[in-house]
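S.K.: First the structure, which I've put down as structure tokens, then a few questions once you've had a look.
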Amino acid sequence: MEINLKDGTCPKCNQHVVYHTENDTHKILPHTFGGLLNLDSRPAPVVDNFVCGNCGYVEFYVRPKGLEIVKNNWERI
């Protein structure tokens, strides 16, 4: 079984000091950086943030509803 912060264990330092909040989320935007910032007009899904309080490792997970936004609006590689 793969260890991840969502389960309360850090996969980097193996500590159980994980923090999460559903109130402080942000959206990930499918934009490009170069000489100019090109903000994309496609819908952006909300992600939940998980942080290890020991080593600072961070993971982001798109919420289930957001996966449909990604599948329907983003380019698949």
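S.K.: Looking for something exposed (fewer than 13 other Cβ atoms within 10 Å of the Cβ), at pLDDT 85 or above and part of a helix (DSSP H, G or I) - is there at least one such residue anywhere in the stretch 9-16?
M.R.: Scanning the stretch 9-16 turns up no residue that is exposed (fewer than 13 other Cβ atoms within 10 Å of the Cβ), at pLDDT 85 or above and part of a helix (DSSP H, G or I).
S.K.: Now a separate question. Go over the candidates VAL47, VAL51 one by one and state the one that is in contact with a strand residue (DSSP E or B) (Cβ under 6 Å, 6 or more places away or on another chain) and either assigned to a loop (DSSP other than H, G, I, E, B) or modelled with pLDDT of 90 or more (or both).
M.R.: Among VAL47, VAL51, only VAL51 is in contact with a strand residue (DSSP E or B) (Cβ under 6 Å, 6 or more places away or on another chain) and either assigned to a loop (DSSP other than H, G, I, E, B) or modelled with pLDDT of 90 or more (or both).
The values are calculated or read from the model by the stated rules, or taken from the named source; none is laboratory data. The structure presented is a predicted model; accordingly, all values stated were derived computationally and were not measured. Every residue, glycine among them, receives a Cβ derived from its backbone with ideal geometry; neighbour counts consider all protein chains shown.
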